[in-house]
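**Q** One structure coming up, written as structure tokens, with questions to follow.
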Amino acid sequence: MRKLKESYWNKFIQLDIKQKFKRNGILFEDLVECLLKIKYGCEWIRTSKSHDNNRDFYLTTSEFSYWAECKNYKDVIALDTIAPTLVMAQIFEVNKIIFFSY
């Protein structure tokens with residue numbers, strides 16, 4: 001496993017309406033999209049924000065179905081946070097699920 005340095009992650013922080021620092025989820029998904037392309041050598045399909053079947057990206061080949069889900073959380077991710085993705089992946093018979101987290 002490789003980790004990005006804190007100085008890199010600071011690029012993802014922005015002020016919200018309430019003037020509180022918040023990580024930018026769209027920038028995080030952009031990063032994940034680049035990582036998926038590097039790892040798999042092809043473009044993944046990015047889903048819309050609603051009706052996405054609890055996935056952010058997917059790739060379907062003649063042999064496999066892959067999903068990727070982004071969770072831009074700093075703390076430990078609880079099972080109930082990723083459970084909807086796991087359930088939907090079971091329904092759609094996905095071969096591989098990849099979770100990305102801060």
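The values are calculated or read from the model by the stated rules, or taken from the named source; none is laboratory data. What you are looking at is a predicted structure, and each value in this text was computed from that prediction instead of being measured. Quick reminder, even Gly has a Cβ in these numbers, built from the backbone with ideal geometry, and neighbours come from all protein chains shown. In case anyone asks, the SASA skips ligands and DNA or RNA and just uses the protein heavy atoms, side chains included. Shrake-Rupley method; radii C 1.70, N 1.55, O 1.52, S 1.80 Å.
**Q** Once you list every other residue whose beta carbon is under 15 Å from the beta carbon of residue 75, what net charge do they have if Lys and Arg are +1 and Asp and Glu are -1?
**A** So the environment of residue 75 carries a net charge of +3.
**Q** Quick one: net charge of residue 52's neighbours, Cβ under 13 Å, K/R +1, D/E -1?
**A** Result for the neighbourhood of residue 52: 0.
**Q** Here's something else I'd like to know. Measure off, as a whole percent, the carbon and sulfur share of the 1.4 Å-probe accessible area of the chain, all protein chains present.
**A** Heavy-atom surface of the chain belonging to carbon and sulfur, 1.4 Å probe: 56 percent.
**Q** Rounded to the nearest whole Å², what accessible area per residue is found for the chain with the 1.4 Å probe?
**A** 74 Å²
**Q** I've got another one for you. Out of all DSSP beta bridges in the chain, what portion is antiparallel? Express it as a percent rounded to 5.
**A** Details: 9 of 15 bridges.
About 60 percent, rounded to the nearest 5.
**Q** What is the angle, in °, between the Cα long axis of helix 79-91 and the longest principal axis of the Cα atoms in the chain? Nearest 10 is fine, range 0 to 90.
**A** So the inclination is approximately 20 degrees.
**Q** When the helix-only estimate is applied to the chain (DSSP H runs of n ≥ 4, each -39,500 (n - 2.57), divided by the residue count), what is the mean residue ellipticity at 222 nm, nearest 500 deg cm²/dmol?
**A** Value at 222 nm, helices only, nearest 500: -10000 deg cm²/dmol.
**Q** Pulled fully out, how much extra length does the chain show between residue 102 and residue 90, if you take 0.36 nm times their separation in residues and subtract their Cα-Cα distance?
**A** Numbers: separation 12, 0.36 × 12 = 4.32 nm, distance 2.48 nm.
So the extension gain works out to 1.8 nm.
**Q** Determine the sum of side-chain charges near residue 99: Lys and Arg each +1, Asp and Glu each -1, restricted to other residues whose C-beta is under 12 angstrom from that of residue 99. Working shown, then result.
**A** Details: positive: 55, 71, 96; negative: 56, 69.
Charge balance near residue 99 sits at +1.
**Q** For Rg/Rh (Cα atoms, Kirkwood Rh), one of (1) 0.98; (2) 0.92; (3) 1.12 was computed from the structure I shared and the rest are decoys. Which label?
**A** So the structure-derived entry is (1).
**Q** Have a look at 84, 38, 28 and report the one farthest towards the positive end of the charge dipole of the chain, computed about the Cα centre with Cβ charges (Lys/Arg +1, Asp/Glu -1).
**A** 28
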